[in-house]
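Reading through the structure tokens given below for one structure.
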Amino acid sequence: MSRRTSSPIRSVAVLAAATLAGTALAVPLAAAPAAQAAAAPALGTVDTYTGLKFTVPAGTNDLGQPQTCTIDADLYKPHSASPSARVPAILTTNGFGGSKADQAGLGEAFAKRGYAVLSYTGLGFPNSGCKISLDDPAVDGVAASSLVTFLGGGGSAAYTSSQVGGTTGGPGTLGVDFTVLDNPATHDPRLGMIGGSYGGQIQFATAAVDSRVDTLVPLITWNDLRYSLAPNNTSFTSGVTYAGSVPGTEKLGWTDLFFGVGIADGLQGAAIDPTRNVGCPNFVLEACGAKATLDTLGYPTPTTYQLTDRVSVGHYIDKVRIPTFLIQGENDTLFNLQEAAATYRSLKARGVPVTMAWQSWGHSGGTGSNSGAAPGELDLSGQHIEDTYLGLRIKNWFDHYLKRAAVSTGPTFAYFRDWVGYTGSAAPAYASSSTYPVGTRKALYLSSANELVSSKSAILPGSTSWSNPGGGAAASYTEISGLEGRVPLPSGLTTPFDTPGTFGAWSTPAQSTPLTIVGAPTLDVRFDSPAVALTQSAGPSGQLQVFAKLYDVAPDGTKTLVHKLISPVRVADVTQPVHIELPAIVHRVAAGHRIELVLASTDAAYKNAYAVQPVTVHASPLTPATLSLPVTP
């Protein structure tokens with residue numbers, strides 16, 4: 001039987017998730033246009049074909065039987081494109097809970113710039129059939145492959161209406177004879193993919209099963225879903241994949257929200273495909289099993305890994321061999337910066353052309369779209385692509401790899417700095433580097449009296465102790481996942497807090513000069529917990545849980561938890577040193593401010609330990625606990 005914590009925080013999360021069950025977490029790739037720096041380029045006119053219907057093979061269903069799925073799509077075609085004036089193609093789809101409509105602005109914008117764009121609704125979402133398979137290459141990737149064939153001139157599709165040369169028409173049937181073909185015999189179009197979140201992972205899934213895809217631009221997506229939904233920021237075996245014997249802890253708010261949205265989509269789409277609601281409602285059966293396991297135990301099991309590994313690029317990265325422009329959000333507690341960094345490193349190690357940008361916005365603190373983008377950062381909705389930093393980089397990326405234009409694809413690594421002022425394009429706020437990671441490491445050491453000191457000789461012996469309340473209760477609060485900005489929250493849930501006695505904290509003196517952190521800090525520490533040492537061999541429920549985070553403390557004592565990011569940790573063995581990766585951030589600590597490291601015993605956004613776990617950290621110059629910060633000038 002599931003043991004669920006009953007608390008005001010938990011109740012708010014569940015109530016808000018239920019309220020938002022029909023709200024998309026999709027990522028429309030548009031934002032408020034930047035101030036125009038120059039006259040808009042001359043753009044072509046666009047023909048649109050809406051309501052295209054495809055019936056495509058899509059792997060197997062829950063019973064292991066071959067299945068076909070209905071896909072709903074729209075096509076945006078440059079009016080001038082023809083068999084004698086062919087254009088490259090772009091395939092795009094929605095974020096979780098969205099639809100093809102989310103990409104309408106992108107479709108029209110790139111069609112005006114000489115691309116044929118097919119925007120489709122992913123499986124399990126409105127007007128497309130079958131269940132949500134979490135971007136499984138063997139299901140979602142195979143389904144998308146049929147759309148690649150269509151864009152390569154293979155077959156035709158019926159549509160419900162069209163707008164061609166200013167004239168409305170339809171219904172009709174459309175075949176594609178206007179795309180650049182790299183191999184006509186295999187219906188191989190010159191094709192790139194773009195999309196955010198769920199619409200980002202599908203690009204990897206498609207590229208893994210279809211070599212005809214030429215380039216990818218995935219935004220704010222995951223590397224390993226086991227880490228995304230149940231993170232453990234230690235015991236990494238590769239990237240952000242942690243050892244199966246030391247599982248992470250469930251992100252309650254995010255998993256509740258996703259299931260609420262997915263189930264609501266299934267109910268709304270019942271007329272399209274009634275089987276979506278049979279058994280596990282609108283999710284493949286394994287997904288319901290994984291959710292039940294997480295809610296009952298608080299952590300994933302090997303059975304859960306079978307699902308998350310299958311749908312995560314971190315586990316099939318060797319099948320992705322095409323140029324990739326990774327874009328990840330600094331303000332994102334769902335898919336954090338470490339996920340993109342893990343994918344970047346894996347592609348780079350295999351010699352795949354890859355660049356990475358860390359943008360201002362992600363899944364958190366907004367409406368689930370990029371409405372939180374900084375001015376001049378991204379607009380793919382129409383006239384102002386070239387006037388925004390990322391818009392221009394994405395356009396140049398596609399122009400380089402699909403049109404074979406002699407344009408730069410930009411720096412290897414770039415990151416947004418929210419402390420840099422500018423007007424117009426956000427380019428001045430982006431720092432660039434030819435390598436990743438950047439900068440150097442700065443070591444700080446845990447000392448007594450709750451201090452962080454800059455040299456081992458300054459460490460004063462002492463200890464800091466704390467304990468969780470037990471019973472799965474939360475004594476610290478950081479955020480309510482993607483609900484912030486979506487529903488009104490009680491005033492007490494807008495600011496992170498930690499209850500005295502349930503956490504340890506160490507802080508630096510006030511900074512004499514600004515300090516810039518770019519990347520993931522790390523902590524090497526040893527915990528002392530005799531009680532946990534007696535229970536940890538019994539399995540994950542008996543292992544120590546810790547939640548690591550960094551605060552920026554202003555001179556007046558006001559604390560800022562950068563983008564409300566934290567690193568949950570489950571410790572395999574408290575008798576051994578532990579290496580913890582804290583959240584990757586881009587942050588300027590101003591002069592006069594202090595850095596505070598906090599190790600909390602619980603967090604309201606996660607499943608917490610039921611057993612009481614008293615713990616102590618000792619400060620010693622002989623065996624120092626070390627906080628390492630990635631810093632840049």
**Item:** Odd one out for I272 among (1) at pLDDT 95 or above; (2) farther than 20 Å from S567 by Cα
**Value:** (1)
**Request:** Could you list, in sequence order, all residues of the stretch 327-341 that are buried (at least 24 other Cβ atoms within 10 Å of the Cβ) and among the small types (G, A, S)?
**Result:** G329, A340
**Item:** Selection within the stretch 240-272 - closer than 18 Å to V571 by Cβ and of a type in the set (D, E, K, R)
**Value:** E250
**Prompt:** Taking the stretch 396-441, which residues are more than 23 Å from V518 (Cα to Cα) and either at pLDDT below 95 or surrounded by fewer than 21 Cβ atoms within 10 Å (Cβ to Cβ) (or both)?
**Reply:** N396, D399, H400, K403, R404, A405, A406, V407, S408, T423, G424
**the stretch 379-395, residues that are touching a strand residue (DSSP E or B) at 6+ places or on another chain (Cβ under 9 Å) and either surrounded by fewer than 21 Cβ atoms within 10 Å (Cβ to Cβ) or at pLDDT below 95 (or both)** = L380
**Message:** Quick check on the stretch 233-255. Is at least one of its residues in contact with a His (Cβ under 9 Å, 6 or more places away or on another chain) and assigned to a loop (DSSP other than H, G, I, E, B)?
**Reply:** yes
**Item:** Condition check for T343: of a type in the set (V, I, T), touching a residue at least 40 places away in the same chain (Cβ under 8 Å) and farther than 26 Å from A89 by Cα
**Value:** no
**Request:** Considering each of T324, T293, T304, T241 in turn, give the residue that is over 20 Å from N94 (Cα atoms), surrounded by 22 or more Cβ atoms within 10 Å (Cβ to Cβ) and either at pLDDT 95 or above or among the acidic types (D, E) (or both).
**Result:** T304
**Prompt:** Considering the stretch 59-70 alone, what residues qualify as being closer than 14 Å to D273 by Cα and touching a Leu at 6+ places or on another chain (Cβ under 7 Å)?
**Reply:** C69
**Prompt:** Within the stretch 216-240, which residues are over 16 Å from V311 (Cα atoms) and of a type in the set (A, V, I, L, M, F, W, C)?
**Reply:** L216, V217, L219, F236
**Message:** Between a residue in the stretch 313-327 that is polar (S, T, N, Q) and any residue that is part of a loop (DSSP other than H, G, I, E, B), which pairs come within a Cβ distance under 9 Å, given they are 6 or more apart or on different chains?
**Reply:** T324/V352; T324/P353
**T367 vs. criteria in the same structural domain as D140 (by TED's automatic domain parsing), of a type in the set (V, I, T), over 30 Å from Q65 (Cα atoms) and modelled with pLDDT under 95** = yes
**Prompt:** What strands (runs of 3 or more DSSP E) completely inside the stretch 137-222 contain at least 3 residues that are under 19 Å from the mean Cα position of the chain (by Cα) and buried (at least 21 other Cβ atoms within 10 Å of the Cβ)?
**Reply:** 191-196, 215-219
**Per-region count, the stretch 404-451, residues under 30 Å from T464 (Cα atoms) and without any contact (Cβ under 8 Å) to a residue 60 or more places away in the chain** = 3
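The values are calculated or read from the model by the stated rules, or taken from the named source; none is laboratory data. Since this is a predicted model, take the numbers as computed values, not measurements. Heads up, the Cβs are rebuilt from the backbone with ideal geometry, glycines too, and the neighbour counts pull from every protein chain shown.
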